[in-house]
Structure formats: C-alpha cells, structure tokens
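Reading through the structure tokens given below for one structure.
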Amino acid sequence: METNNMNTMTPMPRIGDKAPSFKAKSTQGTIAFPQDFQGKWKILFSHPADFTPVCTSEFMTFATMAKEFEDLNTQLVGLSVDGLYSHIAWLRTIQEKIEYKGMKNVEVKFPLIEDITMEVAKLYGMIQPGESNTQAVRAVFFIDPQDIIRAIIYYPLALGRNFDEIKRTLIGLQTVDNFGVALPANWRPGDEVIVPTAGSCGVAKSRMEGEEKGLKCYDWFFCTKEISKEEVEAKLYRK
Ligand code: BEZ
C-alpha cells in the first residue's frame, strides 16, 4: 500500500477537502484511489472486521443495493484492516452460505481493500482509539466527481448503518449540485427544496410578498419551492 502521506499524524480529512489518494490491494485487484474512478461519485466506507455479524449484515445489504448506487454514477469501495485472503474467504462465505432477511447468494462485486498496515484507515481517520485501536469504525465518505469529500458519516462498532440514509445522502448531495438548492430535514425527492437566502433585505421582502414566482416563504430567511420527483430523478439518472 502506498499513500501520498505516510505521516501517522495526518489530520483527519474533513468535508470540503480533496480526498487523500492512495494505492492499495483489493478483492478486485490493485486500485489507485480516487484516480481510478474519475468522473464518478465514490463512497469509501470502512468496517471493523471480516467474519463478524453486523458487518456481514451490512455487506449483504450494500451488495444487494449495488445496482442502485451504480445507477447514481457511484462507485462503492470498502475497507477493513483485514488481509486479502480473509476478505476473499468472508465474501465467499457470504455468497455461498448466508441467507439473511430474504437476501441470499449475495455476490460482493465492489472492491474491498486490504489494509493490514492501517495506513489507509489512518489516512482517512477511520481508526478512532476511543472506540478501538485495532479496528476501523464504520466510516462513510461521500466523494464527488471532482474528488472532494462532500459528507462523512461515522457509526460505532456495535451499530449497523442505515443504507437508505446513505442512499438518501448521496441523492441529496447530487440534487444540491444539480439544482443549486439546499434541502430540509428528512428531504426526499418530490419534497419542497430550500431556495438559498438572497443577500439583500429588499429581495427577502419581495420574497415574503410572494413576488418571486413559485416561492413559499415561512419567514424572510426560509423560502422553499417545488421540484417534482420526476425533475429530480431526470437529472440523477441521466446517462
Ligand atoms: C460486528 O460486525 O458484528 C462487530 C464488529 C466489531 C465489533 C462489534 C461488532
């Protein structure tokens, strides 16, 4: 494994940072991240350990949803501090033996990185010693086609992730970019979106008076408009 920065004191990457680059072995061969996935969104996520139950339920869920992420121009990349042979044996066990919540014969086709030296996990701040010194937490990095980190979610070892929320976050980020809007609590495609506040009081006043077409204002700083589910999806799924 080679990284662009071998310093163990590397600060944790944050939202708005360029995704740190690295080269590593994976179940799909050696990958150069993020360069190998140019023009795509990337979800880089870590799990604590192979052959553990929460991680198994997560991998089965993520792999079952893989086509949904592919349709959103998104590459999934997993990582744990286990070695490649462990990854291969675990993924084979999942495919050949585990039937869980209606999912069976689940093949994990996205790359799963081996990181026995923990270099990538440390580079991305996935080792959080208060939780574990020896295993990565459940981190999820959302990285855009320009290789900028756009959102980060961390879960502890004992709590499996909500993959519907991971998909909602990805769709939300893409919609923010596609329409230049912000999105309210619990937003889903078809819900009203937030029109960013204009700089001047004059504009805010005219918004309150409903002079800007199609705006609904709850107060001068909080105006929304409708974007239909079809409009949102037309941009998400364009080829
Ligand atoms: C699990 O995936 O089941 C797990 C992994 C590490 C610590 C606790 C649970």
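Looking only at region 126-158, residues that are surrounded by fewer than 17 Cβ atoms within 10 Å (Cβ to Cβ) and away from the ligand (no atom under 15 Å from the Cβ) come to 5 in all. Would you check if residue 76 is under 19 Å from residue 148 (Cα atoms) and open to solvent by less than 50 Å² (accessible area, probe 1.4 Å)? For residue 76, the condition - under 19 Å from residue 148 (Cα atoms) and open to solvent by less than 50 Å² (accessible area, probe 1.4 Å) - is met. Residue 99 meets the conditions (1) at pLDDT 95 or above; (2) under 20 Å from residue 115 (Cα atoms); (3) of a type in the set (Asp, Glu) in every case but one. The failed one is (2).
Scanning region 59-85 for residues that are of a type outside the set (A, V, I, L, M, F, W, C) and touching a strand residue (DSSP E or B) at 6+ places or on another chain (Cβ under 8 Å) yields 61, 64, 73, 74, 75, 78, 80, 82, 83. Are any of the residues in region 114-125 away from the ligand (no atom under 16 Å from the Cβ), open to solvent by 10 Å² or more (accessible area, probe 1.4 Å), in contact (Cβ under 8 Å) with a residue 12 or more places away in the chain and part of a loop (DSSP other than H, G, I, E, B)? For region 114-125, residues away from the ligand (no atom under 16 Å from the Cβ), open to solvent by 10 Å² or more (accessible area, probe 1.4 Å), in contact (Cβ under 8 Å) with a residue 12 or more places away in the chain and part of a loop (DSSP other than H, G, I, E, B): present. When restricted to residues that are away from the ligand (no atom under 16 Å from the Cβ) and loosely packed, with under 15 Cβ neighbours inside 10 Å, region 159-172 contains 2.
Within region 79-113, the set of residues being hydroxyl-bearing (Ser, Thr, Tyr) and either crowded, with 20+ Cβ neighbours inside 10 Å or assigned to a loop (DSSP other than H, G, I, E, B) (or both) comprises just one member, 80. Scanning region 51-70 for residues that are within 15 Å of the ligand (Cβ to nearest atom) and either part of a helix (DSSP H, G or I) or open to solvent by less than 10 Å² (accessible area, probe 1.4 Å) (or both) gives 53, 54, 55, 56, 57, 58, 59, 60, 61, 62.
The values are calculated or read from the model by the stated rules, or taken from the named source; none is laboratory data. Model, not experiment: these values are computed from the prediction. Positions of Cβ are backbone-derived with ideal geometry, glycine not excepted, and every protein chain shown enters the neighbour counts. For accessibility, only protein heavy atoms count, side chains too; no ligands or nucleic acids. Shrake-Rupley method; radii C 1.70, N 1.55, O 1.52, S 1.80 Å.
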